[in-house]
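Report on one structure; see the data block that follows.
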Ligand code: AMP
């Protein structure tokens with residue numbers, strides 16, 4: 001069964017055509033700068049990569065251009081659009097209503113729309129992707145996979161904020177969590193890897209370190225706690241987001257320094273994190289600068305690793321122990337420096353890194369823990385698209 005996975009943003013669409021259940025990626029790519037005078041489409045089939053620059057005025061044109069590639073006589077992978085059996089859509093916010101994958105209906109679209117207040121940068125664009133795909137692939141089943149769904153089984157003591165009950169009851173103010181598709185994917189990968197290696201896999205801490213960063217405590221495959229909350233700026237230090245910050249700072253900025261709420265939001269979401277501390281967006285640059293003696297960059301790395309360590313300690317308590325920690329996403333998969341800094345001086349928990357293995361990852365899943373460690377340290381490449389395809393296929397096979 002061919003499942004087209006779509007991640008629709010404001011000016012871009014990421015796509016993958018995946019054959020299920022074989023999990024073979026037939027084609028993948030990216031449509032960028034939608035709405036600008038010159039847009040770009042990338043199409044990849046096996047090792048072949050084609051890019052084209054052309055005006056793509058809207059998402060509908062974008063998906064039509066993608067179709068031209070998918071059905072191209074020379075490098076296409078399907079003969080007609082009816083060979084796309086289902087479209088799996090990434091939807092960032094499912095609120096408290098969605099704990100699993102659903103087939104899209106008018107009612108579901110209304111729900112996604114109404115949840116836009118909680119994810120104004122994402123849900124409206126996800127919805128555009130759905131509506132355009134319905135038009136372009138009228139025969140395909142449309143399915144929604146929610147980033148928040150993995151956290152819906154979290155216990156109430158973990159997802160509630162200690163503010164008056166009415167805010168929860170009347171306004172649904174609570175922890176929702178983000179990156180759930182990634183945490184779920186690496187969790188399942190870890191469980192099967194650990195089981196194959198006869199290692200316990202009940203208590204996991206998954207650490208997603210990309211532009212956005214989050215950490216999850218997982219017991220028996222169920223998320224028990226998570227560092228992102230009502231919005232995506234809590235917890236770990238991220239590319240441009242502050243992570244945990246005392247709310248008094250916000251009021252100080254407003255009351256004493258004259259910032260508007262929008263300006264404060266902009267500071268916390270877009271000008272903070274590693275960028276705010278160093279002036280650089282990409283961790284590779286920060287690592288390079290730190291190496292050549294830049295104190296701000298070194299401090300930012302220290303703060304970043306320190307924050308992750310604190311969460312690992314907290315989540316080891318939540319789980320009453322830990323069988324494995326998992327690093328994933330752009331930084332988690334690629335930065336041996338961050339992994340090394342996080343795992344340093346964690347022997348009390350049984351976390352001990354094998355430095356050589358940390359520097360030389362295997363293809364696929366790498367176990368980078370030392371032989372005498374009590375906790376496995378795994379690096380697992382995340383694959384949110386495959387997770388969406390798996391969940392879509394799972395629902396359609398029921
Ligand atoms: P993601 O959001 O998962 O795509 O992660 C993007 C981030 O991963 C980028 O901002 C980089 O900081 C980081 N990254 C990617 N490759 C590397 C690398 N080789 N070393 C360190 N950081 C990396």
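Just so you know, all these numbers are worked out from the coordinates, no wet-lab data involved. Please read these numbers as outputs of a predicted model, since none were measured by experiment. Every residue, glycine among them, receives a Cβ derived from its backbone with ideal geometry; neighbour counts consider all protein chains shown.
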| request: Compute the relative contact order of the chain as a whole-number percentage, counting only Cα pairs closer than 8 Å that sit 6 or more residues apart in sequence. | output: 14 percent
| message | Suppose we keep just the alpha-carbon trace of the range 106-147; what are its Rg and Dmax in angstrom? | response | 10.4, 31
| Between residue 371 and residue 244, what is the spin-label point distance in nm, taking each point 7 Å from the Cα along the Cα→C-beta axis? | 3.7 nm
| message | Can you tell me which of 280, 176, 259 moves the most in a GNM of the chain? Springs connect C-alpha atoms under 10 Å apart. | response | 259
| query | To the nearest 0.05, how large is the calculated FRET efficiency for residue 73 and residue 230 if R₀ is 35 Å and r is the Cβ-Cβ distance? | reply | 0.10
| task | Can you tell me the 0 to 90 degree angle between the C-alpha axis of helix 123-136 and the longest principal axis of the chain, rounded to 10? | result | 20 degrees
| query | Which residue, 349, 54, 236, has the most motion in a Gaussian network model of the chain that connects Cα atoms within less than 10 Å? | reply | 54
| field | Per-peptide average of other Cβ atoms within 10 Å, ordering 11-24, 79-92 highest first | value | 79-92, 11-24
| query | Angle between the Cα long axis of helix 261-270 and the longest principal axis of the chain, 0 to 90 degrees, nearest 10? | reply | 90 degrees
| message | Quick check on packing: order 39-52, 304-317 by the mean number of other C-beta atoms within 10 Å, highest mean leading. | response | 304-317, 39-52
| note | Taking Cα atoms only, helix 384-396 is inclined relative to the longest principal axis of the chain by an angle, in degrees rounded to 10, of 60 degrees
| request: Before rounding to the nearest 500, sum -39500 (n - 2.57) across all DSSP H runs of length at least 4 in the chain and divide by the residue total; then give [θ] at 222 nm in deg cm²/dmol. | output: -11500 deg cm²/dmol
| Where a ≥ b ≥ c are the square roots of the eigenvalues of the C-alpha gyration tensor, would you call the range 294-335 rounded, which needs a/c under 1.5, or, failing that, prolate if a/b is larger than b/c, or oblate? | oblate
| Fully extended contour minus Cα-Cα distance, from residue 295 to residue 266, at 0.36 nm per residue | 7.9 nm
| request: Take the alpha carbon gyration tensor of the range 1-156, find the square roots of its eigenvalues, order them as a ≥ b ≥ c, and report rounded if a/c is under 1.5; if not, report prolate when a/b exceeds b/c, else oblate. | output: prolate
